1. Grab the DSSP H runs of the chain that are 4 residues or longer, score each as -39,500 (n - 2.57), total them, divide by all residues and round the 222 nm result to the nearest 500 deg cm²/dmol.
2. Give me the net charge for the shell around Phe122: Cβ to Cβ below 12 angstrom, other residues only, Lys and Arg +1, Asp and Glu -1.
3. On the accessible surface of the chain, probed at 1.4 Å, how many percent belong to carbon and sulfur atoms?
4. Calculate how steeply helix 306-317 sits against the longest principal axis of the alpha-carbon atoms of the chain, using the helix alpha-carbon long axis, and give the answer as 0 to 90 degrees to the nearest 10.
5. Give me the percent relative contact order of region 221-322, please, defined on Cα pairs under 8 angstrom at least 6 residues apart.
6. Need one number: % antiparallel among DSSP beta bridges in region 225-340, to the nearest 5.
7. If the cut-off is 16 Å between C-alpha atoms, which aspartates and glutamates fall inside it for Lys486, apart from same-chain ones fewer than 8 positions away?
8. If you count the DSSP beta bridges with both ends in the chain, what percent of them are antiparallel, to the nearest 5?
Amino acid sequence: MNSSRFHLHAVPVSIGSSKQIDTPSRVSVLLLFIAFALILLSLSGCAPIGPTYQGGRNNILNDDREYKLAAIEFGELGSYADASKGELDNTIQLLKNTERPLLVVYIHGWLNNATSGDVGNFKGFLSRLSQSKQVRIHHYIVVGVYFAWPGKSLDIPYLQYLTFWNRKQAAERIASNGDCLDAIEQLSQMARLHENNYVFLIGHSFGGLILERTVEHTLRTLQGQKVRPPWDLALMLNPASDSVLTRQLVSDLDSLYHYYPNPIPGNPLHWGGHFVPKSGGDPIAESQPTVVELQSENDTATGTVFPIGSKAGVIVNGHWAWNQVAVPRTRELVSERDFYLSTPGNDSYLVNYEIVRSQKTFSGVSDAFDYNLENNPVGGIFFTSAPKDSQTAAEAGKQSRPAAAAPKTQPQAWQIQFVVDHDKYIGVHVPFWIVRVPSDIIDNHGGIWSDNNMALMAAIFRMHRPILANNVIAPAKSYVLPLPVKLKQKPY
């Protein structure tokens, strides 16, 4: 780590026999300690922070025949940590020298930073992806870019969880300012200079917040234009963002498209309906998503901690009055507080897909990751093959070893389906998936690097780019929002 970074470490302090201190005194001592820690935490922002990977090509963390990996860092306000933009330039050059790049940009979440164990997790995913038969058959070169930001600002055990509100605000600043989007756009543009390419964006936790807001604001900025967004597939994993912006976007999508339950003719997945812009334009297959949020059903960080932290922020900020806003589809008016205190994947008004068990039989020779990449998920059915807590690829990445195939000890078939006939979710048919995921696939908040979730990500990738006859891959599809009918220009 850079020597200018500020870290706090717990120091044991003797305060005498517990018999000499009554309960109120203990509470006072604890509160004083917490207050002191928070004061030190606030002062830590006074120290200048430079890039971790300073000088030359130090931010190029892997560059061999298996896969390539670079890191780009952002500061507290979302500016490039490397003021000269050397990290970005090195990464662009890496892409420039790579034919057929499969670009994977990953934005980490809370309690991680430029050198945390999450770098190793990401290495494992890149290694597993690069070894897959489909990537090798089509001669793609996997290029990963790790977007680092100060998601971990305190090293004191347990007290680090008090940084929730502070780190959420940092993520919001990064999402609202320009350098993160600038990096995504430049990397995407360089990848797309090659005839064959693919741009895959992933964000987790507060990194999911950054990605979600970047994606949603970009869709609005490009609305009505014939310009591809700077991604092919955007995937948010347990995003720790409030639902205010997502409610707005889902409401708008519901007003912009007609939904028809029958598949587009020739759809190789034989599943899902399609969307037609009300102002005219090409249809969008429901089965080929380009923006997806995956939410674990047992995620305590976004399901429990997030509402508590958000309520504390409301009290501190003195926010007592709330607008009445319309629920998507039903148009029922409710307090906007409902959306501010919940994340999209935990909001009953917004969840529109779920993953349920299926009775299909897994017949793969390889593990489910490879199988899902090699076979279209017909009917929305995909497979996992490893135990719930298996992280074979991630553990290999942490040790800088090539990832091995996952164990095939617990094969299970799953189906992605719309949340029909539910009392819990109202379900809005829009081209934006917000999916509830069983804990067998993503266990709690940090289980995103399980072998089973990697298999799910492979299935979503294959849904987006299904295999056609003669092993031809369908072109990557990304969409911009159509204009509202009232703004559609009449031909002259």
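1. Working: 13 runs with 150 residues, N = 492.
Rounded to the nearest 500, the figure is -9500 deg cm²/dmol.
2. On the way: positive: Lys123, Arg128, Lys398; negative: Asp118.
Net local charge, Phe122 excluded: +2.
3. Details: 11670 of 21520 Å².
Answer for the chain: carbon and sulfur cover 54 percent of the accessible area.
4. 60
5. Values: 88 pairs, mean separation 28.7, N = 102.
It comes to 28 percent, rounded to a whole number.
6. Antiparallel: roughly 70 percent of the beta bridges in region 225-340.
7. Of all the aspartates and glutamates, those that pass the test against Lys486 - Cα under 16 Å, at least 8 places apart if same chain - are Asp252, Asp254.
8. On the way: 24 of 59 bridges.
The antiparallel proportion sits near 40 percent.
The values are calculated or read from the model by the stated rules, or taken from the named source; none is laboratory data. Since this is a predicted model, take the numbers as computed values, not measurements. Methodologically, a virtual Cβ is constructed for each residue, glycine included, from the backbone with ideal geometry; neighbour enumeration extends over all protein chains shown. These area figures cover heavy atoms from the full protein model, side chains too; ligands, DNA and RNA do not enter into them. Shrake-Rupley method; radii C 1.70, N 1.55, O 1.52, S 1.80 Å.
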